[in-house]
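For reference, the structure is listed below as structure tokens.
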Amino acid sequence: MTSRRNPQISSRRTPKQARSADLVAAILEAAVQVLRSDGATRFTSARVAERAGVSVGSLYQYFPNKAAILFRLQSDEWRQTASLLQDILADTTLPPPDRLRRLGHTFLQSECDEAAIRGALSDAAPLYRDTPEAQEARAGTAQAMRAFIAATRPDLPPPQQALLAELLIHTLSGVGKQFSARPRTAEEIATTADMLGGMLGAALLTPPLPLPD
């Protein structure tokens, strides 16, 4: 039996002129609007083209299908979040626990700000989440966290450093997803972020424990 292949999700061409870049930006902005108003189940390339005011043919010059548009939105979000988190983790003017507190607040705020579109992208994730492109896009934050742990806890053996980095990432991701499931006030975000940052800081400073066999 032939295995099912994922649809092509990479862009067909990279815009090299300002006019082309503006067209791609308009398509992506229209895609966000369609996701917000119609959700993932009614998201189509034709709807995006109509909202952007361009022909479907023009859209297909850059995105071969709707999966490519969704992946571009998701990968852009991954890269922006990863860059932001990397900058916080690399800020040596702050003690490591304070960096984690700032990380928690920034991440929760980002999750709440993008909750509507992120929910729609999550619904559409089966189209692209297991592709090599998606795995590569997600790798930035994990690498930054591992480097942060290695620099902050050189006393831990590498397997424990890797385990701690994974624990912190999963905690951030899990709390952010659950917390942003409904609208939150600025006070709720600040209070929860402080508690989350405290938990992450405590985990960071926990003395090394023997790994299970």
Open item on the list: Name the residue that is nearest to residue 71 (Cα to Cα), counting only residues in region 33-55 that are among the β-branched types (Val, Ile, Thr) and surrounded by fewer than 16 Cβ atoms within 10 Å (Cβ to Cβ).
Closed with: 44
- [ ] State whether one or more residues within region 178-190 are open to solvent by 70 Å² or more (accessible area, probe 1.4 Å), under 20 Å from residue 96 (Cα atoms) and in the same structural domain as residue 97 (by the TED database).
- [x] no
Task: Restricting region 160-177 to residues that are open to solvent by less than 70 Å² (accessible area, probe 1.4 Å) and not aliphatic (A, V, I, L, M), the residue that is nearest to residue 116 (Cα to Cα) - done: 176
- [ ] Residue by residue through region 15-32, note down the ones that are open to solvent by less than 30 Å² (accessible area, probe 1.4 Å) and of a type outside the set (A, V, I, L, M, F, W, C).
- [x] 20
- [ ] Could you identify the single residue in 45, 55, 37 that is outside the structural domain of residue 193 (by the TED database), at pLDDT below 90 and over 26 Å from residue 197 (Cα atoms)?
- [x] 37
Task: Residue list for region 58-72, restricted to those being modelled with pLDDT of 85 or more, open to solvent by less than 20 Å² (accessible area, probe 1.4 Å) and either among the β-branched types (Val, Ile, Thr) or assigned to a helix (DSSP H, G or I) (or both) - done: 59, 68, 69, 70
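The values are calculated or read from the model by the stated rules, or taken from the named source; none is laboratory data. Worth saying up front: this structure is predicted, and the values here are computed from it rather than measured. Backbone-built Cβ (ideal geometry, glycine too); neighbour counts: all protein chains shown. Please note that ligands, DNA and RNA were not included when accessible areas were found on the heavy atoms of the full protein model with its side chains. Shrake-Rupley method; radii C 1.70, N 1.55, O 1.52, S 1.80 Å.
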